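The values are calculated or read from the model by the stated rules, or taken from the named source; none is laboratory data. Note that the structure is a prediction, hence the values are computed from the model and not measured. A quick note on method: Cβ atoms are made from the backbone with ideal geometry, for glycine too, and the neighbour counts reach across all protein chains shown. These accessible areas exclude ligands, DNA and RNA; they are computed on the full protein's heavy atoms, side chains included. Shrake-Rupley method; radii C 1.70, N 1.55, O 1.52, S 1.80 Å.
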Amino acid sequence: MPEKVLMKGNEALAEAAIQAGCRHFFGYPITPQTELAAYMSKRMPKVGGTYLQAESEVAAINMVLGASAAGIRAMTSSSSPGVSLKSEGISYIAGSDLPAVIINVQRGGPGLGGIQPAQSDYWQATKGGGHGDYHLLVLAPSTVQEMVDLVSDAFDLGDKYRMPAMILADGMLGQMMEPVALPEAGEKKLPEKPWAACGHQGKREHNIINSLYLQPQTLEQKIRDRYERYHLIEENEQRAECYQTEDAELVLVAYGASSRIARSAVNKVREMGKKVGLIRPITLWPFPTKAIQKAAKNAKAFLAVEMSMGQMVDDVKLAVQCQVPVHFYGRTGGMIPTPGEVLGEIEKILGGDR
Amino acid sequence: MGIVFQKPKSITDVPMHYCPGCTHGIIHRLVAEAIDELGIEGRTVGVASVGCSVMSYDYFSCDMVQAPHGRAPAVATGLKRAIPENVVFTYQGDGDLAAIGTAETVHAATRGENITVIFVNNAIYGMTGGQMAPTSLPGQVTQTTPYGRDVKTAGYPVRVCEMLATLDGVALAQRVTVDNVRHIAEAKKAIKKAFENQIEGRGYSIVEVLSTCPTNWGLAPTEALEWLRSNMMPYYPLGVYKDVTKEGAV
Amino acid sequence: MSVEKDLNIVLAGFGGQGILFAGKVLAYAGLQEGKEISWLPSYGPEMRGGTANCSICISKEPIGSPLVVTPNVLVAMNLPSLDKFIDAVEPDGLVLVDSSLIDKKVTRTDVKVCYVPATRMAEDNGLKGLANIILMGRLYEELPFCSEKNLDAGLQKCIPARKADMLEKNRQAFELGRASKE
């Protein structure tokens, strides 16, 4: 086990991406993710990689598209308004069956919004963002250590399923320092990519990376094939942490930064002898419906806690399928809920006020 | 009997969809000939843009990537940075390069991105049915300038080579056309040079090819060539606007 | 305020006073001690010209929110910071005030306040710019949350080896802060 160091989430994630074999980073400055790009600009030249500050987020994501089309691991990072700009490219990457890693260190929106941490891009990340029938793998770290661990998973899963993967973090996780154990340095064996546009050297037919299918029958088939893969992912890749849910009558559901607060609240009410637990989705797409459904067998109610006006709560409701009530508590615009506020909500629900 | 004429090796057997009289076919051929002559097909990756040439990924036999509208230079940047030994070219129309992709174009050029850009300027949006392009001429009638392009409201055309020639990162900025045999031979030379520059690591090279769109101009192919000569060439003079191999000539 | 409690610390002052650095020293010391740690800076435009602050949690349990809303330790290095955070301090909490920069006295009676003229002490002792570490010394003297060895290890983690002279000065400043407690 390597020695733990204190690192900002943004920087730890960047280092972990390099350890995961990423040698091409294309970015554009935006708060609160800037340290990630700055770290890459310092490290990439030392590991023979490319750091390129693009002219816009639009250009950056398309540089990722190009590098990824060439068959190598490429990544970009941004924060909410920047991710809106990247949405076009993300749709094309998905439509071209390319892997790629996109980091969103979320801040408050809509519009220019604010720069404090938020979770109001859940819909954008999990329900589309760009146009067309497609999904992103969406992973939600809740600690600096998870910022590190999930980024290599994002690359691996993206390569495995040939689709873009997003790390949905937020300003709190990006800016904070926590003790973190970085992966051991070493050459990582990366998967072969026979589909890549890397030059055929006269040894095979030409590869075409493309998202255009003018025949609707062909396009529909292409999408149906992709959805078969998506179903496989929904079957095999759901991840969630279940905390004190075994006997829980009330189950909180929260991811990322808000899950840390929800956990504090759960600990407090457990001390008061109340049966409350927490499901922390680690994959937001695929959403961990299995964990929710399992908990729904015993729970009398759910409470989604988010730093938004209520976005993930929709998926909780879909998973619960009206078996028990699903409540919501959230702060937004860069406000972070306190454990006390969540505690108040829990008491209201358990007291039957709602 | 000896073969006296054949399709370049770098062109596939897929039938092209271009309209009769359109000069895309000639320009495709020139690009393919250059690739063949330089013997680089196996390490060349082309980037198709959005517009009439969108399906050029089916026509070139090297590896191909289809880029979002205007983003071909960014996609090419990613491809080239990923594998610098490869030869990367974009094939872009005027709407793609000089309207929606202006930022990507200017910045790839000023970075001196070591890529080759084939810019087909026919002063109109062809694929969507003949709307005003950034390079449509003053007074030119299009679907969206039915009374002629009024520069007071629609602004002036963009002269791409002249603009990019001011940037330090540009190795070659040359405007050619393909209306006659002599011009085609010149265009071929320019395109080949744009590829050679990349192989030599000289930076961003752009060859602007004045091209026709008989269908959307509403002219017969020969009339279209005449229209190109009498309207486009005076506004967009042929010539070398920058060539780092002949510095001092500018 | 007992050292047995989890520490939820807010350090606040002007940009340039070494607020974030001081926080890092505490965090590293806590890490050496085997505690759970978080360090969260304020970020954004307010870092230029306004107040800079950072939240540090040192705990036996995994840390929930790293944003300290109700600190049990506040270190204020300018008046706006004191005004901004004083009402949020938990009853029985500890407040350290750089009294060479803040004239005002705290009116709350349910918190322990230490007035340390840290900036002047730093200047008088040839330790300009180390008022932050003097205050950390005093904080440690009030609440020794880790061993002296781990505290020193924390300092060493935060100061690059090539700046050995700075390490000595930081140690001096730290001791000065400790000795300021009568």
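Within segment B:109-126, can one find any residue that is acidic (Asp, Glu), away from chain A (no Cβ under 13 Å) and either touching a residue at least 12 places away in the same chain (Cβ under 8 Å) or more than 22 Å from A:ALA54 (Cα to Cα) (or both)?
No, the conditions are met nowhere in segment B:109-126.
Restricting attention to segment A:45-57, report how many residues are in contact with a Lys or Arg (Cβ under 8 Å, 6 or more places away or on another chain), assigned to a helix (DSSP H, G or I) and surrounded by fewer than 24 Cβ atoms within 10 Å (Cβ to Cβ).
1
Looking only at segment A:8-64, count every residue that is within 9 Å of another protein chain (Cβ to nearest Cβ), in contact (Cβ under 8 Å) with a residue 40 or more places away in the chain and among the hydroxyl-bearing types (Ser, Thr, Tyr) and tell me the total.
1
Residues being without any contact (Cβ under 8 Å) to a residue 40 or more places away in the chain, away from chain B (no Cβ under 14 Å) and charged (D, E, K, R): count how many of those fall in segment A:219-233.
Within segment A:219-233, residues that are without any contact (Cβ under 8 Å) to a residue 40 or more places away in the chain, away from chain B (no Cβ under 14 Å) and charged (D, E, K, R) number 4.
Residues in segment B:226-250 that are within 25 Å of B:GLY25 (Cβ to Cβ), without any contact (Cβ under 8 Å) to a residue 60 or more places away in the chain and of a type in the set (A, V, I, L, M): how many?
The total comes to 2.
Could you list, in sequence order, all residues of segment C:113-160 that are among the β-branched types (Val, Ile, Thr) and surrounded by fewer than 22 Cβ atoms within 10 Å (Cβ to Cβ)?
C:VAL113, C:ILE159
Under the condition of being part of a loop (DSSP other than H, G, I, E, B) and in contact (Cβ under 8 Å) with a residue 12 or more places away in the chain, which residue from segment B:212-225 is farthest from B:VAL120 (Cα to Cα)?
Checking each candidate, the answer is B:ALA220.
Just to verify a result, which residue in segment A:187-218, among those that are away from chain B (no Cβ under 14 Å) and free of Cβ contacts under 8 Å to residues at least 60 places away in the same chain, is surrounded by the most Cβ atoms within 10 Å (Cβ to Cβ)?
A:PRO191
So which residues in segment B:81-102 are of a type outside the set (Val, Ile, Thr), open to solvent by 30 Å² or more (accessible area, probe 1.4 Å), in a helix (DSSP H, G or I) and out of contact with any Ser or Thr (no Cβ under 6 Å at 6 or more places or on another chain)?
B:ALA99
Can you confirm whether A:GLU228 is open to solvent by 20 Å² or more (accessible area, probe 1.4 Å) and in a helix (DSSP H, G or I)?
So A:GLU228 fits the description; yes.
One residue is enough: does segment C:28-47 have a residue meeting the conditions within 14 Å of chain A (Cβ to nearest Cβ), part of a loop (DSSP other than H, G, I, E, B), without any contact (Cβ under 8 Å) to a residue 40 or more places away in the chain and more than 30 Å from A:GLN106 (Cβ to Cβ)?
Yes, the conditions are met somewhere in segment C:28-47.
Kindly establish whether B:ALA82 is free of Cβ contacts under 8 Å to residues at least 40 places away in the same chain and either closer than 18 Å to A:ILE208 by Cβ or among the acidic types (Asp, Glu) (or both).
Yes, satisfied.
Mind checking which residues of segment B:11-28 are closer than 15 Å to B:THR90 by Cα and either within 13 Å of chain A (Cβ to nearest Cβ) or open to solvent by 10 Å² or more (accessible area, probe 1.4 Å) (or both)?
Hit for segment B:11-28 is B:HIS24, nothing else.
Name the single residue that is nearest to the chain's Cα centre (by Cα) among those in segment A:7-45 being over 25 Å from A:LYS189 (Cβ atoms) and among the hydrophobic types (A, V, I, L, M, F, W, C).
Looking at the filtered set, the residue picked out is A:LEU36.
Identify, please: which residue in segment A:127-150 is β-branched (Val, Ile, Thr) and over 9 Å from the mean Cα position of the chain (by Cα) and is, among those, surrounded by the most Cβ atoms within 10 Å (Cβ to Cβ)?
Only one residue fits best here, namely A:VAL144.
Just one of C:PRO71, C:PRO144 is part of a loop (DSSP other than H, G, I, E, B), under 20 Å from C:ASP6 (Cα atoms) and out of contact with any Gly (no Cβ under 9 Å at 6 or more places or on another chain); which is it?
C:PRO144
So which of B:GLY39, B:GLY70, B:GLY78 ends up being buried (at least 23 other Cβ atoms within 10 Å of the Cβ), within 12 Å of chain A (Cβ to nearest Cβ) and on the phi > 0 side of the Ramachandran plot?
Going through B:GLY39, B:GLY70, B:GLY78 in turn, just one is buried (at least 23 other Cβ atoms within 10 Å of the Cβ), within 12 Å of chain A (Cβ to nearest Cβ) and on the phi > 0 side of the Ramachandran plot: B:GLY70.
Answer yes or no: is there a residue in segment A:90-105 that is part of a helix (DSSP H, G or I), touching a residue at least 24 places away in the same chain (Cβ under 8 Å), out of contact with any helix residue (DSSP H, G or I) (no Cβ under 9 Å at 6 or more places or on another chain) and assigned by TED's automatic domain parsing to the domain that holds A:ALA140.
Yes, segment A:90-105 contains at least one residue that is part of a helix (DSSP H, G or I), touching a residue at least 24 places away in the same chain (Cβ under 8 Å), out of contact with any helix residue (DSSP H, G or I) (no Cβ under 9 Å at 6 or more places or on another chain) and assigned by TED's automatic domain parsing to the domain that holds A:ALA140.
Only one residue in B:ALA99, B:ALA133, B:ALA82 is small (Gly, Ala, Ser) and under 21 Å from B:GLY203 (Cα atoms). Which one?
Only one candidate qualifies: B:ALA82.
Residues that are at pLDDT below 95, at least 3 per element: which strands (runs of 3 or more DSSP E) completely within segment A:241-354 meet that?
none
Do we find that B:VAL209 is open to solvent by less than 70 Å² (accessible area, probe 1.4 Å), on the phi < 0 side of the Ramachandran plot, in a strand (DSSP E or B) and touching a residue at least 40 places away in the same chain (Cβ under 8 Å) in this structure?
For B:VAL209, the condition - open to solvent by less than 70 Å² (accessible area, probe 1.4 Å), on the phi < 0 side of the Ramachandran plot, in a strand (DSSP E or B) and touching a residue at least 40 places away in the same chain (Cβ under 8 Å) - is met.
Name the residues in segment A:59-87 that are under 21 Å from A:ALA197 (Cα atoms) and part of a helix (DSSP H, G or I), would you?
Result: A:ALA59, A:ALA60, A:ILE61, A:ASN62, A:MET63, A:VAL64, A:LEU65, A:GLY66, A:ALA67, A:SER68, A:ALA69.
When the residues of segment A:65-89 are narrowed to those that are away from every other protein chain (no Cβ under 11 Å) and touching a Lys or Arg at 6+ places or on another chain (Cβ under 9 Å), which ends up nearest to A:TRP123 (Cα to Cα)?
Within segment A:65-89, the match that is nearest to A:TRP123 (Cα to Cα) is A:SER80.
In segment B:109-132, what residues are at pLDDT 95 or above, closer than 14 Å to B:SER53 by Cβ and assigned to a loop (DSSP other than H, G, I, E, B)?
Passing the criteria: B:ASN122, B:ILE124.
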